[in-house]
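This report refers to the structure that appears directly beneath it.
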Amino acid sequence: MTQLRTRATMIAVSVLGAAAIVFAVPTTAHAAVEDDGADCPVAGSPNTGTAQLPDPFTRIDGTRITTTGDWRCRRAEIREMAERHVYGQKPARPSTVTGTVSTSSINVNVTDQGRTASFSASVQLPTTGSAPYPAVVVFGGFGADTTTIRNAGAAVISFDPLAVGKEGTGRANKQGAFYTLYGSNSGTGILMAWAWGVSRIIDVIEQAGGSILRADSLGVTGCSRYGKGAFAAGAFDQRLALTMPIESGTAGVPLLRGVPGESGAQPLSSAYNEQPWLGDAFSSYTGNPNSLPVDTHELVGLVAPRGLFIMENPHVDWLAARSGSVAALGGAEIYKALGVGGNISYWSDVSDGTHCASRSEWRGPLQENIQKFLLKTGSSTGTFRISSRKQGDLSQWRSWSTPNLSGGPTSPPTSSPPPSSGGCSATITP
Ligand code: MCU
C-alpha cells in the first residue's frame, strides 16, 4: 500500500485474551503529489469497440492486474486514455508557480516556457477550529453548501473557473489563464483547464508553509457544469483528499456510454458543443461512445482510494442520473478491489427537483465526509442511496469481475434503495 500512501487504522479484536483478528480500515488516502504514476510507461490506447464498460483491471497490453501495487501504473493508463480521448492533456506542473495565501485570498502566478498568467481565489475561514485549517475549493457561486462546509471546520476557497478557462468561446479561440500559457488553440477542454487551475492553487497552498491552510487536507466541490469541473479536478490531482461533484450531468460523472440510451439525458454532442468543456479529441466519440477505450466508472476509480462523495438529482432527466449511478457503482468496484469500499459515497435520493438546490439530505453526509477525509476525525463508512427513479444496473454493463487486490477485507458500500420520492422538476435548457 505504500504507493497508495494509505494510512490505515489498525483495529485489533481480542478473543479469549489473545489478539485473534487484525484488519485494516483505511481512513484517509490523499497523495503527496499531483500524479504518482507520472513515471509509468503508457502504450497507445486500444479501441475497445464494445458497448460494455471497459475492464478497469485489465491493462492496455491485455494482462490483468493482481495487486494494489499494480494499480499505480494501471491508473496511469486510465489517466492517459482519459486525457487523450475525453478531456485533453493536463500539462505537468509548470516551471514556476508562485503566490500568496492569506486569511481572505489566494493569488496564483504561473510561468511556463516564457509565458505568464495569474488568477486569484477568495478564502473564507471556517466558523470553528483553529489554524491551519482544512479547505474545500468551491467552483463558482451556486449549488455547494458552503455554510455546512465552514461549520464543519473547513475553509471555503471560492474559485472562479472562468478566469482559467472561459466559456462562450470557439474551440480554436479558447481563453483564460490556462490558454494564455498553452495557446488559444490548445486541444485541452476547459474542464481540464479548470482542474489545472485547482492544481496550481494547491501548489501555492503547499508552498505557503501551512500556517493558514493545510495542503494535506483539501477537498473540491461544485454543482452542474462546476460539478463536471470538480470531478475532473479530483480525478487528475491526487493531492485532493475529498472530491464532491454535485449534479454534474453529461461530461461529468455519468457514463459516456450510458447517455445515448438514457431518456432525456443531455446528448454527448450537445455537451460537446454547448461549451468547449471536453477536449477537442472527443468529437470522434460524440456519435459512438462505445469505441472509447475508457469510461467514467474509471474516472471514479482515478479518485480512489481518496474520499469521493457523488451527489445527483434524479428528477431532471437532462442530468443523466441513471448513467451516473452506474458510473458510481462501477467505480465503487475499484474502491472495493483496493480494500477501501467505504471511501466512496453516492446519494441521489433527494426530494427537491430543483437543479443545484440547497438540500437538507446532503448536510449530514457532507459533514461526515469532511470529518473523515479533511479533519481526519470521523470514521463513517461510504453510503450508497440511489433513487429508484434513476437506478442503473451495473450487471448489465460489465462482464468483468472484481479482483481483491489488497489481499485484505473489502468493505462494499452499503446500499439502501430508498422509496421513490416526489418533487418538482427543474428544466435546464442548453
Ligand atoms: C449539468 O450541467 C449543465 C448542463 O450540462 C448544461 O446543458 C446546462 O445548460 O447547464 C448545466 C449547468 O451548468 O447549470 C448550471
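The values are calculated or read from the model by the stated rules, or taken from the named source; none is laboratory data. Just so you know, these numbers come straight off a predicted model, no measurement behind them. Don't worry about glycine lacking a Cβ; one is built from the backbone with ideal geometry, like all the others, and counts go over all protein chains shown.
Numbers below:
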{"item": "Some residue of region 271-282 being surrounded by fewer than 24 Cβ atoms within 10 Å (Cβ to Cβ), within 15 Å of the ligand (Cβ to nearest atom) and among the charged types (D, E, K, R)", "result": "yes"}
{"item": "Pair list, Cβ < 6 Å and 6+ apart or interchain, from region 106-117 residues that are free of Cβ contacts under 8 Å to residues at least 24 places away in the same chain and over 19 Å from Glu206 (Cα atoms) to residues that are among the basic types (Lys, Arg) and outside any strand (DSSP E or B)", "result": "none"}
{"item": "Residues of region 196-216 satisfying the condition of being buried (at least 24 other Cβ atoms within 10 Å of the Cβ) and either assigned to a loop (DSSP other than H, G, I, E, B) or in contact with a helix residue (DSSP H, G or I) (Cβ under 6 Å, 6 or more places away or on another chain) (or both)", "result": "Trp196, Val198, Leu213"}
{"item": "Single match in Ser345, Ser388, Ser351 (criterion: touching a Ser or Thr at 6+ places or on another chain (Cβ under 6 Å), over 30 Å from Val156 (Cβ atoms) and of a type in the set (S, T, N, Q))", "result": "Ser388"}
{"item": "Yes/no for Ala31 being surrounded by 15 or more Cβ atoms within 10 Å (Cβ to Cβ) and either modelled with pLDDT of 50 or more or more than 30 Å from Leu242 (Cβ to Cβ) (or both)", "result": "yes"}
{"item": "Hits in region 226-243 - residues which are under 13 Å from His30 (Cβ atoms), in a loop (DSSP other than H, G, I, E, B) and of a type outside the set (Gly, Ala, Ser)", "result": "Asp237, Gln238, Arg239, Leu240"}
{"item": "Residues being aromatic (Phe, Trp, Tyr) and in contact with a Lys or Arg (Cβ under 7 Å, 6 or more places away or on another chain) - total across region 100-137", "result": "1"}
{"item": "Flag for Val316 being in contact (Cβ under 8 Å) with a residue 40 or more places away in the chain, in contact with a helix residue (DSSP H, G or I) (Cβ under 9 Å, 6 or more places away or on another chain) and either closer than 14 Å to Gly258 by Cβ or within 11 Å of the ligand (Cβ to nearest atom) (or both)", "result": "no"}
{"item": "Matching residues in region 384-407 - criterion: being assigned to a loop (DSSP other than H, G, I, E, B) and of a type in the set (Phe, Trp, Tyr)", "result": "Trp397, Trp400"}
{"item": "Options Ser358, Ser399, Ser380; residue that is free of Cβ contacts under 8 Å to residues at least 40 places away in the same chain and either over 20 Å from Leu242 (Cα atoms) or surrounded by fewer than 20 Cβ atoms within 10 Å (Cβ to Cβ) (or both)", "result": "Ser380"}
{"item": "Residue match in region 332-352 (condition: within 16 Å of the ligand (Cβ to nearest atom), hydroxyl-bearing (Ser, Thr, Tyr) and under 30 Å from Asp61 (Cα atoms))", "result": "no"}
{"item": "Subset of region 127-144 [within 16 Å of the ligand (Cβ to nearest atom) and of a type outside the set (Gly, Ala, Ser)]", "result": "Val138, Phe139, Phe142"}
{"item": "Matching residues in region 52-98 - criterion: being of a type in the set (Ser, Thr, Tyr) and either within 16 Å of the chain's Cα centre (by Cα) or at pLDDT 95 or above (or both)", "result": "Thr58, Thr63, Thr66, Thr67, Thr68, Tyr87, Thr96, Thr98"}
{"item": "Residues being closer than 10 Å to Pro305 by Cβ and within 13 Å of the chain's Cα centre (by Cα) - total across region 336-345", "result": "2"}
{"item": "In region 217-250, residue nearest to the ligand (Cβ to nearest atom) [restricted to those that are closer than 18 Å to Val294 by Cα and either over 12 Å from the mean Cα position of the chain (by Cα) or among the β-branched types (Val, Ile, Thr) (or both)]", "result": "Gly249"}
{"item": "Single unsatisfied condition, Ala215 versus (1) in contact (Cβ under 8 Å) with a residue 40 or more places away in the chain; (2) under 26 Å from Ser104 (Cα atoms)", "result": "(1)"}
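Conditions tested, residue by residue: (1) in contact with an Asp or Glu (Cβ under 9 Å, 6 or more places away or on another chain); (2) at negative phi.
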site	(1), (2)
Arg214	no, yes
Gly219	no, yes
Pro245	yes, yes
Gly264	yes, no
Ser269	no, yes
Asn288	no, yes
Leu292	no, yes
